[in-house]
Amino acid sequence: MPDDIAPDEREPSRSVWAEFRRGLAAMAPILLGVTPFALVLGSQAAMKGLSPLEVALMCGLNFAGGSEFVAIELWRSPPQIALIAGMTLLVNCRHLLMGASFAPHLRRLRPWQAALVLFVMADETWALGMDDARRRMAVTGRPGISLPYYAGLAVSLYIAWVAVTVLGAVVGPVLGNPHAYGFDMAFTAVFLVLIRGMWKGWRRALPWPVSLGVAAVTHLAVPGAWYVPAGTLAGLAVAYFVAGTETREAAP
């Protein structure tokens, strides 16, 4: 069995703690990229008037970096709650697809376990967790995730995200504009790494460039935050088309 394949119940030699540490190790390189844009988010939130406690609550209860950036970008005084809620809902629509792909690997879990897994299902935990689950299924022949491994991923990301974002809210006003340091590029870099790890060919990746292109054109042509729903809906439409095409091709 290859060394990078996670063991199943037939391999009791790997303890829960060893699996947890394996998750910590897998997430460690991602945290290097997460740290800069967590600082950016915290700094931007402080500039909009949010306190460190409010930043901690936002990140800890929502735990979805992309939608948090959108919420802060749209934040005004007084805040337009309906607009912020609508835009963050659109950004988080990707979690519907992520959760659907994760569902077969959660069927053996208790409801409260599945709920915890989904609560901390960010892009990074989903990508690494799915990759490990597929490797396990290739070995065992049945779907399922290693809960200790996933806990290692999620705990490290959750703590780092909340703590560093709060740190950004505290030191951001002292540092000034975080964009001057190029920290915002880390957001793009992390997603490029995740896409590379989940690469399944150009057809599967097509929704990403289409969503990016539509969002960029809309941002240049239409004032406001309409680029968010435009890019989201374009990506979902292409993903639906690609899935339908693959289904028809697989049909006898």
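Every residue, every condition in (1) touching a residue at least 40 places away in the same chain (Cβ under 8 Å); (2) more than 19 Å from Gly42 (Cβ to Cβ); (3) more than 13 Å from the chain's Cα centre (by Cα), yes or no:
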| site | (1), (2), (3) |
| --- | --- |
| Leu53 | no, no, yes |
| Ala71 | no, no, yes |
| Thr88 | no, no, yes |
| Gly129 | no, yes, no |
| Pro148 | yes, yes, yes |
| Trp161 | yes, no, no |
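Taking the criterion of being closer than 21 Å to Val34 by Cα and part of a loop (DSSP other than H, G, I, E, B), the residues of segment 137-179 that qualify are Gly176, Asn177. When residues in segment 140-155 are screened for being under 15 Å from Phe63 (Cβ atoms) and among the hydroxyl-bearing types (Ser, Thr, Tyr), 1 of them pass. In the set (1) over 24 Å from Cys93 (Cα atoms); (2) open to solvent by less than 40 Å² (accessible area, probe 1.4 Å); (3) of a type in the set (A, V, I, L, M); (4) in a helix (DSSP H, G or I), Leu24 fails one condition alone, (2).
The values are calculated or read from the model by the stated rules, or taken from the named source; none is laboratory data. Quantities reported herein were computed from a predicted structural model and do not represent experimental measurements. For neighbour counting, all protein chains shown are included, and Cβ atoms are generated from backbone atoms with ideal geometry for every residue, glycine included. Side chains are part of the model used for accessible areas, which takes the heavy atoms of the whole protein and leaves out ligands, DNA and RNA. Shrake-Rupley method; radii C 1.70, N 1.55, O 1.52, S 1.80 Å.
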